[in-house]
Structure formats: structure tokens, C-alpha cells
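What follows is a set of notes on a single structure, which appears directly below.
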Amino acid sequence: MNVIVIGASGYVGAELISLLIQHNKISVKHLLVSENSESCGKTFASLHARWQGVCDLPLHSFSSQWFTEHICAVEHDIDAVFFATPHEFSAQWAQAFIDAKIKVFDLSGGFRLKDAQQYPKYYGFKHAALTALAQAQYGLAEWQAKEISSSDLIAVPGCYPTASLLALKPITTNNLHQENSLIVVNGISGVTGAGRKASLATSFCEVSLTPYNILQHRHQPEISQEAHAQVIFNPHLAPYKRGLLATVTLQLNSTVTAQQVDEAFNFAYQDKPLVRLVDAWPKIDNVAYSPFADLHWLVDEEKHVVVVSCAIDNLLKGAASQAIQCANLCLGLPSEYSLLPAGAQS
């Protein structure tokens, strides 16, 4: 698979490129940044020094002219594009790439919500690419492998929704929860979740553990949509670099036992090597810089309540490595291909 990456200078773009260049079934042909980016003309390694001598590809400016010259005007050899861009950008450009027979992996939120009417409220723009939106496939790799493998446009989930849904879906898919009961998701993320652009709000000297965007965060409808249940999502910003923890509280049906909950999680993830069912409450340090999701849960049968925690790296399992999982599925490979040490590959 020959690919290009648009949005190569940000945190997610850098993690994605580092995974792509180590993948023996994928070849990176072009790295692109926005027209006005200060990174244009530099090399990838000059921005991310640990890749000097490994990936010295230049960062070119993406524009309508670039698309015309490299995609429209020639017999291109590009099989896929990865968008690590603002949401509006992918919403604007995805259809053009699909029309050019190029598969789209979108790491932004441009196609995660199926209802176009929700975009002005949660993303601040009116979605005009309704044809592309209708065919977009949500890309939660552990749960939608078959659908992902045959799709031309994959909406890679957000970091908070990834952790939340991995915790929720074994319960909601098996209808173990009490219908229409309150489902609360508390999430905590490090500052890299806000992107690379400097901001006083994400400066280490300013950040304290604090909730934000309560009852209005854009990931709340995404989690509800894919869990097929309404949730209350409470995000928190914490003063550390990377990693994310989501803790979910659900009311169970009165007849559901702890054994049934155990069986639901074990069945869901028994053949999913990137989801680890751990024996203690997960720690961010155990998943940082890795593609793993660590899950642990506890049932109170008397109160009919289950609490589930999931820890992930927000830049990897919450973005870049999940995009690789989706690409692997499209290539007919195990989703974890190239993401684990050679001896651990299935």
C-alpha cells in the first residue's frame, strides 16, 4: 500500500508516520502540511529528531494545485491517504480522494458522527460532504473489523471514545445494562490530546487537574452513537504529557451476575491481542508509548452496578496505532500486524 499523510507535523501525525515507516507492507510516498504551515519545506526528521537518518522525507504544502498535479493530472500510484488534520479539512477533501480511487483513513472528527446536523453544534461547521458522510465507516478495530476491511472511508475513533467504547461495548452489546439508566463516563487525558500548537491553556505551568466542556464535549455524541446508549461524558485535563484513562459506571439488569460480566469481556477480547484484561485497575504508565488498551472491571451484585476502567495512550491506541489497525484490516492482515514485537505477532 502506497500512502500519503496530510498533517504530518503534529503529534498524531508524527506518531502515525513513525508507525508507517516501520511497516513492511506500507510505503510512505508524500508527507504534507497545510499551505500556511511553518513546517513546509522542512524535513520530518528536522521536526522530530529521533527519526534522523530513518525518515528524512520533506514536508510539502498541500493545496488544490498539489492535488491537481499529483493526483488528477497523472497516473498516481497512491492507494491511501491518512488525514491527521483539522476536522473541516478532511470533511472538505475526503470525497475528492475517494473519487480518485484512494482509500481514506481520517484521524480527525470529520466523519465520526453519522448525523450531519450534529456538526455545527459539536464541531463548529456545517458538513457539506453528505455522500462521503453516508459511506463513512467508524473504525473501532476490535469491534468493526469486517466493515472496516471493505470500506473506502474509515473514521478513526477519537481517543476518549476508544477507551470508553472498549469499556462499554461488552456490556451494551450484550444488553447487560439497565435500559435508559444513567451511564457515566469520566475521562482523564494528558496535554498532548490538545495538539502541538502552543497554548496557555495547555502549558505545564498552567495545567491543573480540571474538568472541561462538561455536557457539551464533542466526544459525548460519538460515544453514545457507537455504544447505542446515551452517556454522560465528563472529560478532565491532567498535567502530564500522554495517556488517557476512562472509567465507566453502568447500572446492570437486576438478574445479571458478575460471572456474566466476566464472560462478556473475555469473549469480546479473547482474540484481540491489543486489548489486555488486567487483574488490577489499569495505570497509564503501563500503556504509554504502546498500542495496548488495558481493561479492568468490578461488579457490585447487590447494587447491580459495574465499574470499568480502560487506559490507553491517547496518541497511539487513541489515534495513530488504531489507524494502522484499520489499514491492516484493509490489507487483509491481522489488525495488530507490525504493532507488536515479531515474536508476539499472530
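The values are calculated or read from the model by the stated rules, or taken from the named source; none is laboratory data. Worth saying up front: this structure is predicted, and the values here are computed from it rather than measured. FYI the Cβ positions are ideal-geometry reconstructions off the backbone, even for glycines, and counts take in every protein chain you see.
For the reader, a short list of remarks on this structure follows.
- All positions within region 274-290 that are touching a residue at least 24 places away in the same chain (Cβ under 8 Å) and either basic (Lys, Arg) or touching a Ser or Thr at 6+ places or on another chain (Cβ under 6 Å) (or both): TRP281, PRO282, LYS283
- Condition check for ALA344: over 21 Å from the mean Cα position of the chain (by Cα) and at pLDDT below 95: yes
- Scanning region 230-250 for residues being more than 30 Å from TYR11 (Cα to Cα) and either surrounded by fewer than 19 Cβ atoms within 10 Å (Cβ to Cβ) or charged (D, E, K, R) (or both) gives a total of 2.
- Checking each residue in region 293-342 for being in contact with a Pro (Cβ under 7 Å, 6 or more places away or on another chain), over 21 Å from GLY187 (Cβ atoms) and acidic (Asp, Glu) picks out only GLU336.
Residue-by-condition table, conditions (1) under 30 Å from ALA268 (Cα atoms); (2) touching a residue at least 12 places away in the same chain (Cβ under 8 Å):
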| site | (1), (2) |
| --- | --- |
| ALA80 | yes, yes |
| GLN92 | no, yes |
| LYS101 | no, no |
| HIS127 | no, yes |
| GLN137 | yes, yes |
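- Taken together, the residues in region 17-68 that are in contact (Cβ under 8 Å) with a residue 40 or more places away in the chain and among the hydrophobic types (A, V, I, L, M, F, W, C) amount to 5.
- The one condition in (1) surrounded by fewer than 19 Cβ atoms within 10 Å (Cβ to Cβ); (2) at pLDDT 95 or above that CYS326 fails to fulfil: (1)
- Scan of region 274-305 for residues that are assigned to a loop (DSSP other than H, G, I, E, B) and either surrounded by fewer than 17 Cβ atoms within 10 Å (Cβ to Cβ) or aliphatic (A, V, I, L, M) (or both), ordered by number: LEU274, VAL278, ASP279, ALA280, TRP281, LYS283, VAL287, ALA288, TYR289, GLU301, GLU302, LYS303
- Test set (1) in a loop (DSSP other than H, G, I, E, B); (2) loosely packed, with under 15 Cβ neighbours inside 10 Å; (3) of a type outside the set (Phe, Trp, Tyr) - SER46 fails condition number: (1)
- Members of region 237-264 that are part of a strand (DSSP E or B) and either touching a helix residue (DSSP H, G or I) at 6+ places or on another chain (Cβ under 6 Å) or at pLDDT 95 or above (or both): LEU244, LEU245, ALA246, THR247, VAL248, THR249, LEU250, GLN251, LEU252
- Enumeration of residues in region 286-324 that are of a type in the set (D, E, K, R) and within 30 Å of ASN24 (Cβ to Cβ): ASP294, ASP313, LYS317
- Of all residues in region 74-100, those satisfying the criterion of being surrounded by 15 or more Cβ atoms within 10 Å (Cβ to Cβ), out of contact with any Gly (no Cβ under 8 Å at 6 or more places or on another chain), in a helix (DSSP H, G or I) and not β-branched (Val, Ile, Thr) are GLN92, TRP93, GLN95, ALA96, PHE97.
- Taking the conditions (1) in contact (Cβ under 8 Å) with a residue 12 or more places away in the chain; (2) more than 22 Å from PRO282 (Cβ to Cβ); (3) not assigned by TED's automatic domain parsing to the domain that holds SER309 in turn, GLU147 satisfies each one other than (1).
The rows are residues; the columns are (1) in a loop (DSSP other than H, G, I, E, B); (2) touching a strand residue (DSSP E or B) at 6+ places or on another chain (Cβ under 9 Å).
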position	(1), (2)
HIS127	yes, no
ALA134	no, no
GLU142	yes, yes
ILE148	no, yes
SER151	yes, yes
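- LYS103 surrounded by 15 or more Cβ atoms within 10 Å (Cβ to Cβ) and among the basic types (Lys, Arg): yes
- Condition check for SER309: under 23 Å from VAL81 (Cα atoms) and either in contact (Cβ under 8 Å) with a residue 40 or more places away in the chain or not acidic (Asp, Glu) (or both): no
- Test: residue in region 112-123 that is of a type in the set (Ser, Thr, Tyr), buried (at least 21 other Cβ atoms within 10 Å of the Cβ) and out of contact with any Lys or Arg (no Cβ under 8 Å at 6 or more places or on another chain): no
- Positions within region 111-125 being touching a helix residue (DSSP H, G or I) at 6+ places or on another chain (Cβ under 9 Å) and part of a helix (DSSP H, G or I), in sequence order: ALA116, GLN118, TYR119, LYS121, TYR122
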